[in-house]
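A.B. asks: First, the structure itself, so that you have it in front of you.
The values are calculated or read from the model by the stated rules, or taken from the named source; none is laboratory data. Quick caveat, the model's predicted, so the values are computed rather than measured. We place every Cβ from the backbone using ideal geometry, glycine too, and count neighbours over all the protein chains shown.
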Amino acid sequence: MKYIFFLTLPLLLSATSTFITPMEYASQLYENPRGIGCQKCHGKNGEGKVIATYIYKKKKKSFVGPAINSVSFKDFDKALNKRKKGMPRYYLTNKEVEALYFYLHKNDKKKKTDAQ
């Protein structure tokens, strides 16, 4: 029975009526886009995060997932569509990239309203 659900899930997601909101979809995509969540390396809100520290030639080094919540959509899209050192390639659709960007910028309007 659960296999039927997973086989029909793409059809359900593309249906005209939806059972989850765009924000719920974006949240799920950010937290687990292909088995590895963005938040594990880029932080809960895309603010960046130290992934690991190590010693190299007797110097302490850090492997850091950069902040992704302050880049333009153009740069965000470009970064997701090319190979980067340490970054897995997810082969996201345009809609998935837009959803992720939407998720990372969900509070932008609120911040502008609060500052006024």
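A.B. asks: Considering only residues that are surrounded by fewer than 16 Cβ atoms within 10 Å (Cβ to Cβ) and modelled with pLDDT under 90, which ones fall in segment 40-58?
C.D. replies: Matches in segment 40-58: K40 only.
A.B. asks: Separate question: For the subset of segment 63-83 comprising residues that are in a loop (DSSP other than H, G, I, E, B) and at pLDDT 90 or above, which member is surrounded by the most Cβ atoms within 10 Å (Cβ to Cβ)?
C.D. replies: Filtering segment 63-83 for residues that are in a loop (DSSP other than H, G, I, E, B) and at pLDDT 90 or above, the one surrounded by the most Cβ atoms within 10 Å (Cβ to Cβ) comes out as I68.
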